[in-house]
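Remarks on the structure that follows.
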Amino acid sequence: MKVTAVAHTNIALIKYWGKRDEKLILPSNSSLSITLDKFFTETTFEWDDSQKKDVLVLNGVEREDAKVQRYLDVLRSEFGIASRAVIHSENHVPTAAGLASSASAFAALAVAASASLARNDSKMELSRLARLGSGSASRSIFGGLAIWQKGENTDGSDSYAVPFESELTNQLAVVVAIVSDQPKKISSRDGMKQTVQTSPFFGEWTKTAELDLELIKKAFAHSDFTQVGEILEHNAMKMHATTLSANPPFTYFSQESLLVMEAVRKLRADGIEAYFTMDAGPNVKIVCLKQDEEKVASRVEPLVGRVLICHAGEGAKVIQNENGN
Ligand code: PMV
């Protein structure tokens, strides 16, 4: 059956950084994210026995993609089928946003591939399946806040995301400062591997990330935005400290990223609560309350040229199937 699914990307407030199992994509620590409303992937998918090879059309152009190819093999083995897939995928990430789309891409693929077989997988099962494509995709199955539980089992059966409710979720804004639209120099996959293998701080990172998660959950439970902000900013900087301490060292910071961070500190000094986070690229995401989003955006925009204001988005879902539903 041909189905179309949509998934939104997410930004981690407590980062996933480092795998304990490369093949099964099992993380060294649990993480927490907010799914965003502005960036999403729409994927039309069909398992097709008449095809001799998998077909991937991305943004209108037929492509070979090793990561997607590997993922389709994983799904075939999970589902116990041999069929080839025909995929048409559109990334709705505003042009030049330079934001990673793997979270939304693999979440949409997992949901569509499962629905195409009418499997009725639970959300947790879909999250586990999405994880096998890209770790952060496990969290995009859910809207709002989601926690990817690292799990304990060696087979990954308990490593999936679960939703996390807070009254703060709908008061939050994420102002994305678009510093660069260039592809990342070091992918998250390679960057993590290098830090796991060589950073003397990696062990401390995983320990304190678990603690940060417990603290931010409490802060969300008390709707304490100041605490949430302080924890998320510190957590991001600890993650980036592992790249600076890797051997050879590397960084995702650019000059503009540092300027934006400084502007955020200045905003706080002026009494506007805003906190920054960064992932495996130079774009800076600023978390603030909706009531301050315009002030934050107008302060940061002159530094980078382009900002986008996002709010909490929805979880991944099927929007159409062949039966017209
Ligand atoms: O799932 P990946 O391989 O795109 O890794 C994501 C890593 C970070 O974005 C840096 C952190 C996170 O938790 O999303």
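Assorted remarks:
- Relative packing of 102-115, 267-280, which averages over residues the other C-beta atoms within 10 Å, highest first: 102-115, 267-280
- Solvent accessible area, Å² - Glu233, 1.4 Å probe, full protein context: 20 Å²
- Amide H partners (placed H, <5 Å) of Val284, local residues excluded: Ala177, Val179
- Fluctuation leader among Val93, Val196, Val61 - the chain, Gaussian network, Cα springs under 10 angstrom: Val61
- Remark: the Gln255-Lys295 segment gains 12.2 nm on full extension, using 0.36 nm per residue and subtracting the alpha carbon distance.
- Under the convention that each Lys and Arg Cβ holds +1 and each Asp and Glu Cβ holds -1, the size of the dipole of the chain around its Cα centre is about 540 debye.
- Gap separating the Cα centres of segment 39-76 and segment 255-291, nearest whole Å: 37 Å
- Under the membrane-span-like helix rule (DSSP H runs whose alpha carbons stretch at least 27 Å along the helix axis, mean Kyte-Doolittle hydropathy -1.0 or higher), the chain yields 202-221, 225-244.
- Residue separation of Asp37 and Asp181 scaled by 0.36 nm, minus their Cα-Cα distance, works out to 49.9 nm of gained length.
- Under 18 Å from the Cα of Lys52 - lysines, other chains or at least 8 residues apart: Lys2
- Residue among Gly144, Gly315, Gly203 with the largest mean-square fluctuation in a Gaussian network model of the chain, springs linking Cα atoms under 10 Å: Gly203
- Straight-distance crosslink candidates among lysines, where the alpha carbon sits under 30 Å from Lys218 and sequence neighbours closer than 8 are dropped: Lys15, Lys19, Lys38, Lys123, Lys150, Lys207, Lys238, Lys266, Lys285, Lys290, Lys295, Lys317
- Three-way shape call for segment 116-223 based on the alpha-carbon gyration tensor, with the a/c threshold at 1.5: rounded
- Largest GNM mean-square fluctuation among Ser298, Ser245, Ser140, using the chain with Cα springs under 10 Å: Ser298.
- Averaging the sequence gap over all C-alpha pairs within less than 8 Å and six or more residues apart, then dividing by the number of residues, gives the chain a relative contact order of 25 percent.
- Peptides 218-230, 168-180, 34-46, 4-16 ranked from most to least packed, by the mean per-residue count of other Cβ atoms within 10 Å: 4-16, 34-46, 168-180, 218-230.
The values are calculated or read from the model by the stated rules, or taken from the named source; none is laboratory data. Small disclaimer: the values here were computed from a predicted structure and weren't measured. In this analysis, Cβ positions are derived from the backbone assuming ideal geometry, glycine residues included, and neighbour counts consider all displayed protein chains. When the accessible area is computed, the model is the full protein with side chains, heavy atoms only, and any ligands, DNA or RNA have been set aside. Shrake-Rupley method; radii C 1.70, N 1.55, O 1.52, S 1.80 Å.
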